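A.B. asks: Here you go, one structure.
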Amino acid sequence: MTDLYPGLPEAASVGGADVVLTDEQIRAFVLEQLGNFDFDGKRVTLVVPDGTRHAPVDKMAHYVYEALGDRPRDVRVVIALGTHDDMSDEAIGKLMGNKPGEFESEYPGWKIYNHAWREEETFANLGTIPKERISELSGGRLTDRAMTVLVNKMVVDTDITLILGPVLPHEVVGISGGNKYLFPGLSGHDVIDMSHWVGALITSYEMIGARGITPVRQMIDAAADLVPSQKLLLGMIVKPGSLDLQFVSFGDSKSSWEACANVSADVHVKYVDKAYKRVVSIMPTMYEDIWTAAKGFYKLEPVVADGGELILYAPHITEVSHMHPGLMKIGYHSRDYFVKQWDKFKDHPWGELAHSTHLRGMGEYDEQEGVESNRVKVILATSIPREQVEAVNLVYMDPADVDFDQLQNDPDTLIVPQAGELLHRLAVDRTKA
């Protein structure tokens with residue numbers, strides 16, 4: 001039985017924190033586990049991440065296709081966008097390994113859909129979790145608001161929901177994956193806003209990489225418990241800096257997540273001996289705006305010294321967020337800036353408030369003086385115009401002015417290529433993990 005979810009059998013798994021699996025091992029595992037599971041005559045909805053998650057989704061999807069064969073009655077694939085923009089035919093082709101616009105030629109009999117989160121008819125209403133229960137789940141952080149659970153109908157009007165996705169440290173929930181692909185991946189706004197705001201109240205600094213069932217994970221699991229289909233997870237641990245897999249797990253969406261989370265906590269955290277005055281996060285092009293590229297801050301904030309600075313280096317990024325223009329209205333601020341002026345901000349989407357605090361990091365706000373003090377300076381070396389950067393309370397830098405030769409010779413500077421995946425923490429914090 002699992003440690004975190006008493007009564008649930010442990011998931012099947014292959015690999016570990018100190019190995020790299022071969023394609024033959026991965027394929028054999030997927031064929032055996034899914035081949036022995038009863039998909040016969042069932043309606044199956046396969047949930048996959050979007051392009052902001054780094055994993056060999058295409059390879060794994062082909063193994064799943066082979067393992068399922070013609071046993072299911074039908075298979076639909078839905079991309080768990082959360083509130084990200086739709087994936088184009090070209091992006092879907094890159095994600096799933098098919099020629100653009102020819103998904104059904106690569107996966108005959110399957111159909112693929114973006115999660116149409118802007119459309120009300122997308123969602124099924126699964127009911128409301130009372131405010132008293134929300135208070136309990138959130139550790140008393142939210143006490144006066146019930147949570148309405150809306151989710152994409154595709155995981156309701158189905159027999160089996162099969163989630164395929166990587167598991168990584170995450171700023172809102174602790175360690176991502178599992179039922180998080182449903183909430184917020186396929187969720188309506190209430191669960192997104194409330195769970196993200198609870199994460200913000202705890203702070204990303206404290207939450208990211210946290211083991212176990214965090215208050216936010218409890219809220220997500222409670223929402224997922226209302227989804228009537230059988231929920232399974234084919235979870236992946238991706239070796240940092242590559243598309244190699246170190247661990248794969250299959251089982252219930254909770255037990256398989258637990259197995260992956262235990263490995264992720266060892267694989268996806270790098271401990272360093274000191275805090276740095278300057279950290280440069282070089283962001284991959286898969287992050288198309290600051291809304292997604294902010295992971296380069298979340299996963300490096302713990303190793304920036306007090307009073308230091310973090311540079312998000314992403315010349316390809318031209319906007320803060322196409323999907324969340326409200327960020328230009330509120331800007332980026334610490335948690336206390338919003339909490340101590342709650343009447344002013346309580347009606348703004350809480351998901352945007354949460355994202356704002358996650359990127360701005362730890363800080364304080366003196367409501368008497370109207371002065372905010374932040375632990376770290378956040379600098380954007382992007383193609384976003386100076387006036388927009390400064391309008392959201394961040395610091396502008398021309399990417400051309402980033403002198404990597406000089407920075408590499410500075411012992412007080414840490415440069416992180418392909419930032420956004422690997423969580424960095426101080427070695428002295430290892431005992432707290």
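The values are calculated or read from the model by the stated rules, or taken from the named source; none is laboratory data. Values in this document were obtained by computation on a predicted structure and should not be read as measured data. All Cβ positions, glycine included, derive from the backbone under ideal geometry; neighbour counts span all protein chains shown. For accessibility, only protein heavy atoms count, side chains too; no ligands or nucleic acids. Shrake-Rupley method; radii C 1.70, N 1.55, O 1.52, S 1.80 Å.
A.B. asks: P(r) for the stretch 8-95, please, calculated from all Cα pair distances in 5 Å bins and given in %.
C.D. replies: Binned Cα distances yield the sequence 3, 11, 19, 21, 20, 17, 9, 1.
A.B. asks: Give me Rg/Rg_expected for the chain, where Rg uses Cα atoms only and Rg_expected = 2.2 N^0.38 Å with N residues.
C.D. replies: Details: Rg = 21.2 Å, N = 433, 2.2 N^0.38 = 22.1 Å.
Computed over Cα atoms of the chain, the ratio equals 0.96.
A.B. asks: With the dipole of the stretch 118-220 worked out from charges on the C-beta (+1 for Lys and Arg, -1 for Asp and Glu) around the Cα centre, which of Pro169, Gly185, His196 lies farthest toward the positive end?
C.D. replies: Sorting the options by dipole projection puts first Pro169.
A.B. asks: Shifting gears a bit: Give the Rg (one decimal place) followed by the Dmax (whole number) of the stretch 45-158, computed from C-alpha coordinates and expressed in Å.
C.D. replies: Cα radius of gyration and Dmax of the stretch 45-158 are 17.3, 51 Å respectively.
A.B. asks: Here is a further query. Identify which of Asp50, Asp159, Asp18 has the largest mean-square fluctuation in a Gaussian network model of the chain, with springs joining Cα atoms closer than 10 Å.
C.D. replies: Comparing Asp50, Asp159, Asp18 in a Gaussian network model of the chain, the most mobile one is Asp18.
A.B. asks: Can you figure out the FRET efficiency of Arg133 with Leu8, using R₀ = 25 Å and their beta-carbon distance, to the nearest 0.05? Present the calculation step by step, with values, prior to reporting the outcome.
C.D. replies: Numbers: r = 21 Å, r/R0 = 0.83.
Using R0 = 25 Å, I get an efficiency of 0.75.
A.B. asks: Summing Lys, Arg as +1 and Asp, Glu as -1, what charge do residues with Cβ under 12 Å from the Cβ of Val389 carry, Val389 excluded? List each step's numbers first, then the result.
C.D. replies: Numbers: positive: Arg386; negative: Glu319, Glu387, Glu390, Asp398.
Local charge sum for Val389: -3.
A.B. asks: Once you have the Cα-Cα distance between Phe404 and Lys274, take 0.36 nm times their residue separation minus that, and quote the gain in nm to one decimal.
C.D. replies: Fully extending the segment from Phe404 to Lys274 adds 44.7 nm.
A.B. asks: Sequence-distant or interchain residues sharing an amide H contact under 5 Å with Gly331, placed H: which?
C.D. replies: none
A.B. asks: Additional query: For the stretch 137-222, how big is the tail of P(r) above 16 Å, as a whole percent of Cα pairs? Don't skip to the answer; put the middle values down first.
C.D. replies: Details: 1868 of 3655 pairs.
Of the Cα pairs, 51 percent sit more than 16 Å apart.
A.B. asks: Running a GNM on the chain with Cα contacts under 10 Å, which residue among Ser176, Ser334, Ser242 ends up with the highest mean-square fluctuation?
C.D. replies: Looking only at Ser176, Ser334, Ser242, the largest GNM fluctuation is found for Ser242.
A.B. asks: What pairs in Lys94/Lys377; Lys274/Lys377; Lys270/Lys295; Lys99/Lys254 have C-alpha atoms more than 26 Å from each other?
C.D. replies: Working: Lys94/Lys377 36 Å; Lys274/Lys377 18 Å; Lys270/Lys295 15 Å; Lys99/Lys254 34 Å.
Pairs exceeding the cut-off: Lys94/Lys377; Lys99/Lys254.
A.B. asks: Determine the equivalent ellipsoid of the stretch 304-433 by diagonalising the alpha-carbon gyration tensor, then write out the semi-axes as square roots of 5 times the eigenvalues, largest first, rounded to whole Å. Could you put the intermediate results ahead of the total?
C.D. replies: Values: eigenvalues 138, 82, 41 Å².
Calculated on Cα positions only, the semi-axes equal 26, 20, 14 Å.
A.B. asks: Here's a follow-up. Below 8 Å, C-alpha to C-alpha, sequence gap of six or more: please give me the relative contact order for the stretch 228-387 in percent.
C.D. replies: Details: 250 pairs, mean separation 31.7, N = 160.
The value is 20 percent.
A.B. asks: Now a separate question. In whole percent, how big is the carbon plus sulfur part of the accessible area of the chain, probe 1.4 Å, protein atoms only?
C.D. replies: Carbon and sulfur atoms account for 46 percent of the accessible area of the chain.
A.B. asks: On to the next question. When all C-alpha to C-alpha distances in the stretch 149-273 are sorted into bins of 10 Å, what percent of pairs does each bin hold, rounded to whole numbers?
C.D. replies: Taking every Cα pair in the stretch 149-273, the percentages come to 14, 45, 33, 8, 1, 0.
A.B. asks: To the nearest 20 Debye, how big is the dipole of the chain about its Cα centre, given +1 on the beta carbon of each Lys and Arg and -1 on that of each Asp and Glu? All intermediate terms of the calculation are to be shown ahead of the outcome.
C.D. replies: Details: 41 positive and 64 negative charges, 144 e Å.
The dipole of the chain has a size of about 700 debye.
A.B. asks: With a bin width of 10 angstrom, please list the P(r) values of the stretch 251-329 as percents of all Cα-Cα pairs, from the 0 bin to the one holding the largest distance.
C.D. replies: Calculated over all Cα pairs of the stretch 251-329, the distribution is 16, 32, 32, 19, 1 percent.
A.B. asks: Going toward the positive end of the dipole of the chain, with +1 on Lys and Arg Cβ and -1 on Asp and Glu Cβ, which of Met397, Leu243, Gly209 do you reach last?
C.D. replies: Value: Gly209.
A.B. asks: What number, in nm² with one decimal, is the all-direction average of the projected area of the convex hull of the alpha-carbon atoms of the stretch 74-221? Don't skip to the end; give the middle numbers.
C.D. replies: Working: hull surface 37.1 nm².
Computed as one quarter of the Cα hull surface, the answer is 9.3 nm².
A.B. asks: With springs only between Cα atoms under 10 Å, which of Val57, Val173, Val402 fluctuates most in a Gaussian network model of the chain?
C.D. replies: So, out of Val57, Val173, Val402, the one fluctuating most is Val402.
A.B. asks: Just going by the charge dipole of the stretch 275-355, with Lys and Arg at +1 and Asp and Glu at -1 on Cβ, which of Pro315, Val279, Gly351 is farthest out on the positive end?
C.D. replies: Farthest towards the positive pole: Val279.
A.B. asks: Would you work out the charge dipole size for the stretch 263-338 about its Cα centre, treating the Cβ of every Lys and Arg as +1 and the Cβ of every Asp and Glu as -1, and quote it to the nearest 20 debye? Let's see the in-between values first.
C.D. replies: Numbers: 8 positive and 9 negative charges, 21 e Å.
About 100 debye.
A.B. asks: Using the crude model of +1 on Lys and Arg Cβ and -1 on Asp and Glu Cβ, and no other charge, please compute the dipole size for the stretch 291-433 relative to its Cα centre, in debye to 20. Each step should come with its number before you reach the end.
C.D. replies: Working: 14 positive and 23 negative charges, 130 e Å.
Its charge dipole is roughly 620 debye.
A.B. asks: Can you tell me the accessible area per residue over the stretch 216-283, all protein chains present, probe 1.4 angstrom, in square angstrom?
C.D. replies: Working: 2080 Å² over 68 residues.
I get 31 Å² per residue for the stretch 216-283.
A.B. asks: Taking a spot 7 Å from the Cα of Asp429 along the direction of its beta carbon, which residues of the stretch 317-342 have an amide N less than 19 Å from it?
C.D. replies: Residues 334-336 fall inside that zone.
A.B. asks: Nearest-5 percent of antiparallel DSSP beta bridges in the chain?
C.D. replies: Numbers: 23 of 68 bridges.
If I count the DSSP bridges inside the chain, around 35 percent turn out antiparallel.
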